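Q: Attaching a single structure in structure tokens format; questions to follow.
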Amino acid sequence: MDLNLIDALRSTGAVREFEDRPVDRDVVARVLDTARFAPNGGNQQSWRVVLVEDPATKAAMRDLYVPGWLEYLEMRKAGVQPWAPIGDPEGEAAAVERARRLTHDEAAAAAGGFAAHFDQVPVMAVILADLRLLAGTDRDLGRYTLVGGASVYPFVWSILLAGHAEGLGGVVTTMTTTREPEVRQLLHVPDEFAVAAVLALGYPVKRPRNLRRDPVDSFATIDAFDGPPVANP
Ligand SMILES: Cc1cc2nc3c(=O)[nH]c(=O)nc-3n(C[C@H](O)[C@H](O)[C@H](O)COP(=O)(O)O)c2cc1C
């Protein structure tokens with residue numbers, strides 16, 4: 001599929017429902033072959049990808065996804081911004097505790113569609129980042145570090161975009177990162193690597209339209225944070 005770049009950037013929304021149709025490994029390889037041109041600090045290309053194909057391993061990954069998802073739901077229910085670096089640790093801890101106390105049936109009901117069937121996604125791609133190669137220029141600021149991730153998430157986004165051009169849809173997921181030690185153990189990942197995301201990809205049942213995002217004048221200003229807004233086009 002030949003996608004206009006601007007259209008692709010404006011229409012690559014999250015897809016969580018997939019046709020029951022496998023994706024050839026060749027197609028995934030082509031997507032990765034394009035995504036590898038993503039920008040990254042010092043061109044160190046810290047990313048590694050593990051395609052999880054074995055059904056038992058996929059099921060184990062689902063089991064590492066669901067607890068984080070239940071915690072997320074409880075935090076949202078309590079009005080807590082989930083895992084915000086500047087947040088409400090007490091409200092968060094209480095929500096996490098509530099999630100851990102859910103009965104099996106309550107948890108199954110809450111986990112619902114995508115989380116409960118996470119193992120069924122046609123392509124499960126675990127994206128890892130080599131912490132020895134990231135350019136974390138904000139590492140020593142004494143606050144939550146953000147910049148290192150910028151050397152791997154453009155690659156993740158490029159996978160979604162290149163996938164779109166192949167007729168695929170997908171979604172970035174990070175619930176399993178809350179269980180990183182278990183993911184590492186399951187997939188034999190060395191300690192020097194962080195789990196950046198798990199991508200689900202497949203042929204979409206339907207593609208999201210009209211993505212909702214805030215307008216330019218709500219987030220861009222001139223000369224200073226409190227400067228005049230950049231007018232919407
Ligand atoms: C860093 C990141 C983490 C995300 N984690 C999850 C996740 O764990 N599970 C999920 O279903 N969606 C996840 N998403 C998808 C977001 O929910 C989605 O991008 C957002 O709601 C916008 O959706 P839209 O593009 O369809 O409008 C994540 C997206 C990003 C960029």
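Coordinate-derived values only; no laboratory data. Not measured: the values here are computed from a predicted model. FYI the Cβ positions are ideal-geometry reconstructions off the backbone, even for glycines, and counts take in every protein chain you see.
Q: For the stretch 112-233, calculate the relative contact order in percent as a whole number, restricting contacts to Cα pairs under 8 Å that are 6 or more residues apart.
A: Values: 135 pairs, mean separation 36.2, N = 122.
About 30 percent, as a whole number.
Q: Gap in Å between the Cα centre of the stretch 1-55 and the Cα centre of the stretch 82-135?
A: 22
Q: Using 17 Å as the cut-off for backbone N distance, which residues of the stretch 134-155 belong to the label zone defined by a point 7 Å from the Cα of residue 43 along Cα→Cβ?
A: Residues 134-135, 151-152, 155 qualify, since their backbone N sits under 17 Å from the label point.
Q: Distance between Cα centroids, the stretch 158-202 to the stretch 58-78: provide it in whole Å.
A: Measuring centre to centre over Cα atoms gives 15 Å.
Q: Order of 217-223, 150-156 by packing, highest average Cβ count within 10 Å first? Each step should come with its number before you reach the end.
A: Details: 217-223: 10.7, 150-156: 20.6.
Ranking the peptides 217-223, 150-156 by packing returns 150-156, 217-223.
Q: How far is it, in nm, from the label point at residue 26 to the one at residue 76 when both lie 7 Å from their Cα along the line to the Cβ?
A: The answer from the label model is 3.9 nm.
Q: Also, I was wondering about something else. Express as a percent, rounded to the nearest 5, the fraction of DSSP beta bridges in the chain (both residues included) that run antiparallel. Walk me through the intermediate numbers first.
A: Details: 21 of 22 bridges.
Once the DSSP bridges in the chain are tallied, antiparallel ones form about 95 percent.
Q: Could I ask something else about it? For an R0 of 25 angstrom, estimate the FRET efficiency from the Cβ-Cβ distance between residue 54 and residue 184 and round to the nearest 0.05. Write down the numbers at each step before the final one.
A: Details: r = 17 Å, r/R0 = 0.66.
Step by step, r from the Cβ atoms, then E = 0.90.
Q: A follow-up question, please. Take each of the peptides 84-97, 12-25, average the number of other beta-carbon atoms within 10 Å over its residues, and list them starting from the highest. Write down the numbers at each step before the final one.
A: Working: 84-97: 13.4, 12-25: 15.0.
Per-residue Cβ counts within 10 Å, averaged per peptide and sorted highest first, yield 12-25, 84-97.
Q: Just need log10 I(q)/I(0) for the chain at q = 0.07, 0.09, 0.14, 0.16 Å⁻¹, Debye formula, equal scatterers on the alpha-carbon atoms, no solvent, rounded to two decimals.
A: Each listed q maps to, in turn, -0.26, -0.44, -1.09, -1.37.
Q: Taking R0 as 25 Å, what's the FRET efficiency between residue 218 and residue 100 from their Cβ-Cβ distance, rounded to 0.05?
A: On the way: r = 37 Å, r/R0 = 1.47.
Plugging the Cβ-Cβ distance into 1/(1 + (r/R0)^6) gives 0.10.
Q: While we're on this one: What is the extension gain from residue 209 to residue 109, computed as 0.36 nm multiplied by their sequence separation minus the C-alpha to C-alpha distance, in nm to one decimal? Let's see the in-between values first.
A: On the way: separation 100, 0.36 × 100 = 36.00 nm, distance 2.79 nm.
Result for the pair: 33.2 nm of gain on full extension.
Q: What do you get for trypsin sites (Lys or Arg not before Pro) in the stretch 92-168 restricted to DSSP loop and a cutoff of at most 12 other Cβ within 10 Å of the site's Cβ? Don't jump to the answer; show the numbers that get you there.
A: Numbers: sites: 98, 100, 101, 132, 139, 143; in loops: 132, 139, 143.
For trypsin sites (Lys or Arg not before Pro) across the stretch 92-168 that sit outside H, G, I, E and B with at most 12 neighbouring Cβ atoms in 10 Å, the list reads 132, 139, 143.
Q: Based on the mean of other beta carbon atoms within 10 Å per residue, what is the order of 200-213, 171-184, most packed first? Numbers along the way, then the final one.
A: Values: 200-213: 13.7, 171-184: 17.8.
Per-residue mean Cβ counts within 10 Å order the peptides as 171-184, 200-213.
Q: Can you tell me the Rg and Dmax of the stretch 34-140, counting just the alpha carbons, in angstroms?
A: 17.5, 49
Q: Considering Cα pairs under 8 angstrom that are at least six residues apart, work out the relative contact order of the stretch 5-204 and quote it in whole percent. Intermediate results must be reported in sequence, preceding the final value.
A: Details: 313 pairs, mean separation 73.6, N = 200.
Contact order relative to length: 37 percent.
Q: Which distance in nm do the two modelled labels at residue 140 and residue 3 give, with both placed 7 Å along the Cα-to-Cβ direction?
A: According to this spin-label approximation, the distance is 4.0 nm.
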